[in-house]
1. When region A:17-58 is examined, which residues are found to be closer than 23 Å to A:R81 by Cβ, within 14 Å of chain B (Cβ to nearest Cβ) and either open to solvent by less than 10 Å² (accessible area, probe 1.4 Å) or touching a residue at least 40 places away in the same chain (Cβ under 8 Å) (or both)?
2. Identify, please: which residue in region A:59-76 is more than 14 Å from chain B (Cβ to nearest Cβ) and over 30 Å from B:T114 (Cα atoms) and is, among those, surrounded by the most Cβ atoms within 10 Å (Cβ to Cβ)?
3. Of the numbered conditions (1) under 12 Å from the mean Cα position of the chain (by Cα); (2) surrounded by 15 or more Cβ atoms within 10 Å (Cβ to Cβ); (3) assigned to a helix (DSSP H, G or I), B:N301 satisfies every one except a single condition; which is it?
4. Just the residues that are over 19 Å from B:Q333 (Cβ atoms) and either part of a helix (DSSP H, G or I) or open to solvent by less than 60 Å² (accessible area, probe 1.4 Å) (or both), please, taken from region B:359-371.
5. Among the residues in region B:319-326, are any over 47 Å from the mean Cα position of the chain (by Cα), more than 30 Å from A:A181 (Cβ to Cβ) and either at pLDDT below 80 or not charged (D, E, K, R) (or both)?
6. Go through region B:195-243 and count every residue that is assigned to a helix (DSSP H, G or I) and away from chain A (no Cβ under 14 Å).
7. Out of region A:51-66, which residues are in contact with a Ser or Thr (Cβ under 7 Å, 6 or more places away or on another chain) and either farther than 15 Å from A:V89 by Cα or hydroxyl-bearing (S, T, Y) (or both)?
8. Six or more apart or on different chains, Cβ atoms under 7 Å: show the pairs whose first residue is in region B:80-96 and farther than 16 Å from B:L64 by Cα and whose second is at pLDDT 85 or above and not acidic (D, E).
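The values are calculated or read from the model by the stated rules, or taken from the named source; none is laboratory data. Predicted, not measured: the structure shown is a model, and the values here were computed from it. FYI the Cβ positions are ideal-geometry reconstructions off the backbone, even for glycines, and counts take in every protein chain you see. Just the protein is used for accessible areas: all its heavy atoms, side chains included, with ligands, DNA and RNA removed. Shrake-Rupley method; radii C 1.70, N 1.55, O 1.52, S 1.80 Å.
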Amino acid sequence: MPQTKTEGEHSSESPVSVHDLTVAYHRKPVLWDVDLDFPKGKLIAIIGPNGAGKSTLIKAVMDIVPKASGRVMIYGKPFKRQRKIVAYVPQRESVDWDFPIDALGVVMMGRYGTIGWCKPLRRRDREKALDALDRVGMADYAKRQISQLSGGQQQRVFLARALAQESQIYFMDEPFASVDAATERAIVQVLADLRSAGKTIIVVHHDLQTVREYFDHVILLNMRVVAHGSVEEVFTQENLKKTYGGRLTLLSEATDRLARQGLTL
Amino acid sequence: MTGGHSLSDTSFTFPSLEQCIRVLTLEDYNTRVVVLGVMALGAAGGLIGTFLLLRKRALTADALSHATLPGIAIAFMVMVAFGGEGKSLVGLLIGAFIFGCIGILFILAIRHTTRLKDDAAIGIVLSVFFGLGLCLLRIASEFPSGSASGLGGFIFGKAAAMVASDAIVMASVAIVVLIATCALCKEFTLLCFDEQFSSVQGWSVLWLDVLLMGLVAVVTVVALQSVGLVLAVAMLIIPAASAKYWTRRISTMLFVAAVIGCLSGWLGAVVSALVPRMPTGPIIVLLCGFWFVISFIFGSNEGLLIRQLSRWNLNRRIERQHILRAVWEACEQHTGTEFELDEVVRLRSWSVRTVQRLLRKSVSLGFVVRKSHATWRMTEKGGIEAGRVARNHRLWEIYLINYADIAPTHVDRDADMIEHVLGIEMVEKLEQLLLAGISPKSPHPIGATT
């Protein structure tokens, strides 16, 4: 596997390149020395067992959680300078849906970044938001208050918000988690459209059944990168066993012991 | 405020009409100052309180207001030490503001460095700072020079002591808050709804929180003088909480909260001007509470009355659909439109009386007609409706069996509840998905569910 690249081998052409990233919560590392380049224009799945650090990886890339060490480059520049080309679909449960706003209002939030401080929304932003809602099949629900939407519809609103950002790189945190069949189809369609438009899409995914069908590229993660590469090459029984079989007993034991002593590796 | 009443005067007199008019038209200078001041305060509290509520930080504001007390006492001592009288309102409020902010910092520190949750952090800071404040007040009152006697007024508020400059301060704060909420409406909305997304887009959650809590601190500190630090939080929370019962849009919610705050302030000041010895602060808070109760009961968005009405409507619709389906099933067994009461009773777990009542209702709706004592007939209209209900129900049952891995004997119950919630859209989808328009047979023997 090519995950043992040295510093010099990272490419500034890569949409997202992660250099020796380690992330810790409460002194306990959850990601170890992750070092990889994401390929451009591909549909990329990050898979691994619960607690493997899948969400943490994309959150660390976007500076939502602090890094213990390492750095991340977006097309060769730090994330801070590349915000405008990164879109994000958080987990649906991460927000309170009983909020006084309608679906269009949420999608319009995707435009806030390009509008800037203290300026009001323009008609153009509204049109783009409506267009994004249409692309996920939610145009009829624009004026619906968000708590009145079903779970799948809420997920599609989140996706539409990311589309409204008009970015180059899309990070999605479990967009397929407990959604209905209609939503799953809508999301798959949107992903395919984005790829044919040359965007890079990185999806935290939990359903092993659909990996082959939906994705080109896969990253097997369990606190460290077990394997990454094209689905045909890397998505093998052997690698899956390495990722899911036993939660890397030795490593997690070592972590626990060090955390108890108040140290990290 | 009206004056002329001695403290020992315990009689209660209704204000005369003339008095009312004088107060309502703001003829008295004193009334004018108080009314305008607390109205501005109410509006500002409603506006910033809306974001505070949506950020789920309502109780943090309570800790903030209690934490101001040591600031007031220390500001007094410092001013006396520098040879002043210690009575400068601006000085006292600056002290209050500083300590309010220190209180918030302590909450943040506890939250980030320990495993304690917010509620514990708030409880600790609120009580410790308030206790410290009370002790410092005691020490301040022993100061040889200066007079600390007025400081206690900040605890429960003393609106009657307001002068024109105080009202101007309140009005300016209200204007600042108004401008800030207009300018930062979209940033604060994003912060309250989805802070992770806000940070990815480049809005620092920390700085937005600092801005929001800073505005809250300013409003709280200004509210100290009129409603007091114990009750100041009411001006922030209650108007916003009431507004939530009237709207599903944040812009409308801001407006409604500001209006409710304003109204409470105005009415509170008027009442306390008319009724002798009524403290303004608590009256304003009580009026806020009054508006909350009104909103909670009559509110157009999830108000108690609306919710109850729609529940009754739903129950009635469910009952109507149940009886129609039972009638349909009874008719289906002998392929005709006539049926007997007993057949329907046997199909469902209802009593004879319930069935009779429901059938009478169906008669009034024109779904069935009574032929003789025990026989009834389904009308054409009833047949169409009953057929539709039975079909929806069975479609849903088949959907559940095929897609949701539920044992067929358990289906009927779930289906009974969910079919009434399903809209036409979903039913159409089910039709396409499953049967292309053929009315299915019930997947379990009819009558077996009772």
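1. A:I58
2. A:M73
3. (3)
4. If the condition is that a residue be over 19 Å from B:Q333 (Cβ atoms) and either part of a helix (DSSP H, G or I) or open to solvent by less than 60 Å² (accessible area, probe 1.4 Å) (or both), then B:R360, B:K361, B:V363, B:S364, B:L365, B:G366, B:V369 are the ones that fit.
5. Residues of region B:319-326 over 47 Å from the mean Cα position of the chain (by Cα): none.
No, region B:319-326 contains no residue that is over 47 Å from the mean Cα position of the chain (by Cα), more than 30 Å from A:A181 (Cβ to Cβ) and either at pLDDT below 80 or not charged (D, E, K, R) (or both).
6. Result for region B:195-243: 26.
7. Hit for region A:51-66 is A:V65, nothing else.
8. So the pair list comes out as B:G86/B:F76; B:G86/B:M79; B:G86/B:V80; B:S88/B:M79; B:G91/B:A75; B:G91/B:M79.
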